[in-house]
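K.L.:
Below is a structure I'd like to ask you about.
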Amino acid sequence: MPFTVRGMSAYAKAAACSIFAVALLGSAASAEDKSAPSAGFKAAQDAYTIAWQQQPLAFTAAKFIALPAEGYGAYTALETAEFQSGDPLTVYAEPVGFSYKEVSGTYAIDLSVDFELRNTTGQVLASQDGFTALHSASFNQIREYQTSLSFNLTGLQAGEYVLKVQFNDENSEKSGSFELPFSMKDAPLQN
């Protein structure tokens, strides 16, 4: 039944409006309370922030993938790290522990990437400092960060190799690296 004030005295109308307003405000306040994170959740977030700041630059994932990732955790992993001459090597990485630079109310992530290609005896066959630079900015401190890197290493003979990838945090002194062994196979003969 809809709320009406017809046929009520002025005092009754004021009281009814007051009760109706309190009921509306009370339900809005309880809806706000239910949508706000709990104290336990906020405490966990604060603890996570402290752990993040203390964490050296590391990786929750680092692997060869078939194609560049569509997003965080959205990639097609390779069953084996076997490539043929001319195939690009696409690497998926999820760095953690990087620092933020606050710029005009946003939090910037700035990482530079170096790489080194070695054979199984440790001989460096190719390397490049500053291979690429990664930049992202958000109003929030992004924690789920990923990148896909593509390496076009042409002219490699069949054999076993190791790709070392190093991330350097431009907003702190942190750096971290990972190594991915892979095989280069002979290209199939063409008829």
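K.L.:
Can you give the FRET efficiency for A126 and T80, using 1/(1 + (r/R0)^6), R0 = 25 Å, r = Cβ-Cβ distance, to the nearest 0.05? Walk me through the numbers on the way to the answer.
P.N.:
Working: r = 22 Å, r/R0 = 0.89.
Efficiency for this residue pair is about 0.65.
K.L.:
Whose amide H sits under 5 Å from the amide H of E170, counting only residues 5 or more places off or on another chain, with H placed in the peptide plane?
P.N.:
For E170, the qualifying residues are D110, L111, S112.
K.L.:
With a sphere of radius 12 Å drawn around the Cβ of F83, what net charge do the other residues whose Cβ falls strictly inside it have (Lys, Arg +1; Asp, Glu -1)?
P.N.:
Working: positive: K185; negative: E82, D87, E160, D186.
My count for the surroundings of F83 gives -3.
K.L.:
What does the charge add up to near A58, with Lys and Arg as +1, Asp and Glu as -1, over the other residues with Cβ less than 14 Å from its Cβ? The partial results should precede the final answer.
P.N.:
Details: positive: R143, K174; negative: E94, D169, E179.
Every neighbour counted, the sum reads -1.
K.L.:
If you don't mind, another one. How compact is the stretch 111-159 by the rule of thumb for globular proteins, expressed as Cα Rg over 2.2 N^0.38 Å?
P.N.:
Working: Rg = 15.2 Å, N = 49, 2.2 N^0.38 = 9.7 Å.
It is 1.58.
K.L.:
For the stretch 72-83, what does the Karplus curve 6.51 cos²θ - 1.76 cosθ + 1.60, with θ = phi - 60°, yield as ³J(HN,Hα) per residue in whole Hz, taken in order and with x for Gly and Pro?
P.N.:
3J(HN,Hα) across the stretch 72-83, in whole Hz: 4, x, 10, 8, 10, 6, 7, 6, 9, 9, 10, 10.
Read-outs throughout are calculated quantities, based only on the coordinates presented, and are distinct from any laboratory measurement. These figures come from a predicted structure and were not determined experimentally. With ideal geometry, Cβ positions are generated from the backbone for all residues, glycine too; neighbour counts draw on all protein chains shown.
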